[in-house]
Amino acid sequence: MANDNANPVAASAFDSHHPPALDVMEKCVHCGFCLATCPTYVLWGEEMDSPRGRIYLMKMASEGKAQITEQWVGHFDSCLGCVACMPACPSGVDYGWLIEETRAQIARLHHRSTLETLHRKLLFETFTKPHRLNLLRWPLFLYQKTGLQALFRASGLARILPKAVGSMDALMPSMTSVETIPAVTPALGAQRKRVGLLLGCVQRAFLSQVSAATARVLAAEGCEVVAPQEQACCGALFVHGGEEAQAQALARKLIDVLEHANVDVIITNAAGCGSSLKEYGRLLRDDPAYAPRAKAFAAKVKDVTEFLWEFSPRTERKPVRARVALHDSCHLQHAQGVRAQPRSLLKQIPGLELLEIPESPICCGSAGIYNLVQPDAADALGNRKARLIAPLKADVVVTGNPGCIFQLQSSLHRNAQRTPVLHTIQLIDASIRGKDLHSLLSNR
Ligand code: SF4
Ligand code: SF4
């Protein structure tokens with residue numbers, strides 16, 4: 001007979017498909033060491049917009065004491081997924097895992113407004129499709145070169161239109177020519193490795209010069225560089241947005257393509273993509289046909305700076321006389337633990353003065369599509385970063401993620417700063433080719 005006095009076990013607000021794990025949440029001892037590194041807590045000082053508060057909200061939902069309401073979802077939408085809280089946590093709470101599973105639950109169980117749903121769909125369906133991004137190049141080129149962009153900015157229209165429109169305009173990269181990355185770039189001199197190069201989506205359309213520089217550096221260091229032209233999106237944006245099924249489908253395709261390329265190492269120069277690629281084993285853990293292949297794939301993935309640092313350089317570095325401020329991308333420093341490597345590589349360049357930006361664990365506000373769906377918080381973080389960069393009087397800022405490049409360019413511009421922003425690999429490439437900063441910037 002049932003015990004009438006027993007507390008009924010409330011049903012979880014989550015569904016049964018990989019809900020955020022209670023045992024991971026219970027590792028949180030509420031010490032608060034993570035608070036100072038959390039960008040949203042730093043901005044607003046609100047407990048529920050801190051890692052500790054968000055874990056509490058997950059736990060409440062998991063125990064059926066909170067429902068997935070709009071307000072509850074808002075605290076997770078405002079999270080950048082930057083995982084700055086993880087290295088700060090003495091209890092080893094895997095917040096990255098928790099937030100991805102929570103977002104997948106939100107994607108399945110929460111009904112967003114029609115406008116919000118359409119906005120998110122538009123972003124996902126554009127930024128994960130290189131051919132669609134390529135189609136946008138000409139209209140955007142005309143928008144910039146005919147003076148329409150200047151007119152839009154001078155008109156003050158951005159203040160009347162939804163904030164997302166102004167953010168899209170502010171983040172728009174300058175439409176430079178596209179550099180073609182050959183399917184195979186032979187190693188210069190004796191071949192040491194055969195590597196696969198991820199071309200990315202946004203990067204392929206708008207920052208092809210970064211992949212071109214990556215291929216040149218790798219080839220100079222003795223790698224045959226294979227860049228399969230048929231490769232599609234890696235699915236990182238879908239993973240970070242909780243769209244699990246789309247992320248899995250793209251991961252399977254990329255595994256097929258790169259297995260066929262038969263490479264020793266898989267190189268990425270986009271930190272946000274790299275952190276997702278390294279997690280393919282977990283993403284496809286329920287798929288018996290792909291689980292072992294995904295694990296093997298993930299084990300081969302390296303950020304380009306991580307790879308070059310382990311791979312003793314054999315090519316001479318020529319001087320680049322410049323004051324260089326290094327911005328750590330969150331998905332490189334926190335998610336992949338790659339912090340020392342870009343610094344060491346930059347210090348190998350004669351004449352280069354490396355500058356540290358204060359508050360380096362704090363995100364610049366880029367975070368995938370965050371700056372397009374949470375523009376106010378992203379702008380506040382971008383402004384904060386710009387204010388910290390200004391006193392350094394750097395000639396250039398470098399970073400390891402295309403999203404950070406766009407976010408920093410737009411934040412510096414908004415704060416009337418002219419410091420250019422490049423990818424770290426572009427400076428290494430310039431050094432190997434004997435180019436100075438001026439010629440590198442004029443050829444962008
Ligand atoms: S992922 Fe970033 S924004 Fe989210 S709780 Fe952790 S530190 Fe804060
Ligand atoms: S540092 Fe870790 S244990 Fe401490 S409050 Fe943050 S998540 Fe919890």
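Going by the conditions given, is Leu133 in contact with a Ser or Thr (Cβ under 9 Å, 6 or more places away or on another chain) and part of a helix (DSSP H, G or I)?
Yes.
Which of the residues that make up region 63-105 are closer than 16 Å to Met48 by Cβ, aliphatic (A, V, I, L, M) and part of a loop (DSSP other than H, G, I, E, B)? If you could, list the steps in order and put the result at the bottom.
Keep residues of region 63-105 that are closer than 16 Å to Met48 by Cβ, which gives 65-80, 85, 95, 98-99, 102.
Right, trim to aliphatic (A, V, I, L, M) and you get 66, 68, 73, 80, 98-99.
Residues satisfying the conditions are Ala66, Ile68, Leu80.
Quick one: what pairs do we get from region 133-157, first residue more than 16 Å from Arg204 (Cβ to Cβ), second charged (D, E, K, R) and open to solvent by less than 50 Å² (accessible area, probe 1.4 Å), C-beta under 8 Å, 6+ apart or different chains?
Note: pairs meeting the criteria are Gln149/Asp169; Phe152/Asp169; Arg153/Asp169.
Give region 368-383 a look and list any residue that's outside any helix (DSSP H, G or I) and over 17 Å from Ser329 (Cα atoms), or say none.
Answer for region 368-383, where residues must be outside any helix (DSSP H, G or I) and over 17 Å from Ser329 (Cα atoms): just Gln374.
Output the residues belonging to region 318-346 that are within 14 Å of the chain's Cα centre (by Cα) and under 22 Å from Arg418 (Cα atoms).
Answer for region 318-346, where residues must be within 14 Å of the chain's Cα centre (by Cα) and under 22 Å from Arg418 (Cα atoms): His327, Asp328, Ser329.
State which residue is least open to solvent (accessible area, probe 1.4 Å) when the search covers only region 21-43 and only residues that are closer than 13 Å to Gly53 by Cα, near ligand 1 (Cβ under 10 Å from one of its atoms) and assigned to a helix (DSSP H, G or I).
Taking the candidates together, the pick is Thr40.
Out of region 341-357, which residues are in contact (Cβ under 8 Å) with a residue 12 or more places away in the chain, within 18 Å of Val304 (Cβ to Cβ) and open to solvent by 50 Å² or more (accessible area, probe 1.4 Å)?
Gln348
Condition check: at pLDDT below 95 and more than 22 Å from the chain's Cα centre (by Cα). Does Thr185 satisfy that?
The answer is no for Thr185.
Is it true that Val324 is hydrophobic (A, V, I, L, M, F, W, C) and assigned to a loop (DSSP other than H, G, I, E, B)?
Answer is no for this residue.
Yes or no, residue by residue, for (1) under 25 Å from Arg252 (Cα atoms); (2) of a type in the set (Ser, Thr, Tyr); (3) at pLDDT 95 or above:
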position: Tyr290; (1), (2), (3): yes, yes, yes
position: Ala296; (1), (2), (3): yes, no, yes
position: Asp303; (1), (2), (3): yes, no, yes
position: Leu308; (1), (2), (3): no, no, yes
position: Arg317; (1), (2), (3): no, no, yes
position: His327; (1), (2), (3): no, no, yes
position: Gln333; (1), (2), (3): no, no, yes
position: Ala340; (1), (2), (3): no, no, yes
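Tell me whether region 109-119 contains one or more residues that are open to solvent by less than 30 Å² (accessible area, probe 1.4 Å), aliphatic (A, V, I, L, M) and at pLDDT 85 or above.
no
Just checking, how many residues over region 210-245 are at pLDDT 95 or above, surrounded by fewer than 21 Cβ atoms within 10 Å (Cβ to Cβ) and of a type in the set (S, T, N, Q)?
Selection size over region 210-245: 0.
Among the candidates Ser91, Ser78, which residue alone is hydroxyl-bearing (Ser, Thr, Tyr), more than 11 Å from ligand 1 (Cβ to nearest atom) and in contact (Cβ under 8 Å) with a residue 60 or more places away in the chain?
So the residue among Ser91, Ser78 that is hydroxyl-bearing (Ser, Thr, Tyr), more than 11 Å from ligand 1 (Cβ to nearest atom) and in contact (Cβ under 8 Å) with a residue 60 or more places away in the chain is Ser91.
Please note which helices (runs of 4 or more DSSP H) are completely contained in region 384-444 and include at least 3 residues that are modelled with pLDDT under 95.
Passing ranges, in order: 402-414, 437-442.
With the structure loaded, tell me whether Asp286 is within 14 Å of Leu198 (Cα to Cα) and loosely packed, with under 15 Cβ neighbours inside 10 Å or whether it fails that test.
For Asp286, the condition - within 14 Å of Leu198 (Cα to Cα) and loosely packed, with under 15 Cβ neighbours inside 10 Å - is not met.
In this structure, is Leu122 free of Cβ contacts under 8 Å to residues at least 60 places away in the same chain, within 17 Å of Met172 (Cα to Cα), under 20 Å from the mean Cα position of the chain (by Cα) and open to solvent by 70 Å² or more (accessible area, probe 1.4 Å)? If you could, list the steps in order and put the result at the bottom.
Values: free of Cβ contacts under 8 Å to residues at least 60 places away in the same chain: yes; within 17 Å of Met172 (Cα to Cα): yes; under 20 Å from the mean Cα position of the chain (by Cα): yes; open to solvent by 70 Å² or more (accessible area, probe 1.4 Å): yes.
Here the answer is yes, as Leu122 does meet what is asked.
Out of region 60-98, which residues are away from ligand 2 (no atom under 11 Å from the Cβ) and of a type in the set (D, E, K, R)?
Correct list: Glu63, Lys65, Glu70, Asp77.
When you scan region 297-333, how many residues do you find that are under 18 Å from Leu355 (Cα atoms) and open to solvent by 30 Å² or more (accessible area, probe 1.4 Å)?
Selection size over region 297-333: 3.
I'm trying to understand the selection: among the residues of region 49-62, which are more than 9 Å from ligand 1 (Cβ to nearest atom) and either open to solvent by 60 Å² or more (accessible area, probe 1.4 Å) or part of a loop (DSSP other than H, G, I, E, B) (or both)?
First, pick out the residues of region 49-62 that are more than 9 Å from ligand 1 (Cβ to nearest atom): 56-62.
The answer is Tyr56, and nothing else.
Are any of the residues in region 199-222 of a type in the set (D, E, K, R) and free of Cβ contacts under 8 Å to residues at least 40 places away in the same chain?
no
Search region 169-198 for residues that are assigned to a loop (DSSP other than H, G, I, E, B) and pair each with any residue that is of a type in the set (D, E, K, R) and crowded, with 17+ Cβ neighbours inside 10 Å when their beta-carbon atoms are under 6 Å apart and the residues are at least 6 apart or on different chains.
Close Cβ pairs (under 6 Å, with a partner that is of a type in the set (D, E, K, R) and crowded, with 17+ Cβ neighbours inside 10 Å) amount to Pro186/Glu224; Ala187/Glu224; Gln191/Glu224.
The values are calculated or read from the model by the stated rules, or taken from the named source; none is laboratory data. Please read all numbers here as calculations on a predicted model, not as lab measurements. Because the Cβ atoms are built from the backbone with ideal geometry, glycine has one as well, and the counts that use them run over all protein chains shown. When the accessible area is computed, the model is the full protein with side chains, heavy atoms only, and any ligands, DNA or RNA have been set aside. Shrake-Rupley method; radii C 1.70, N 1.55, O 1.52, S 1.80 Å.
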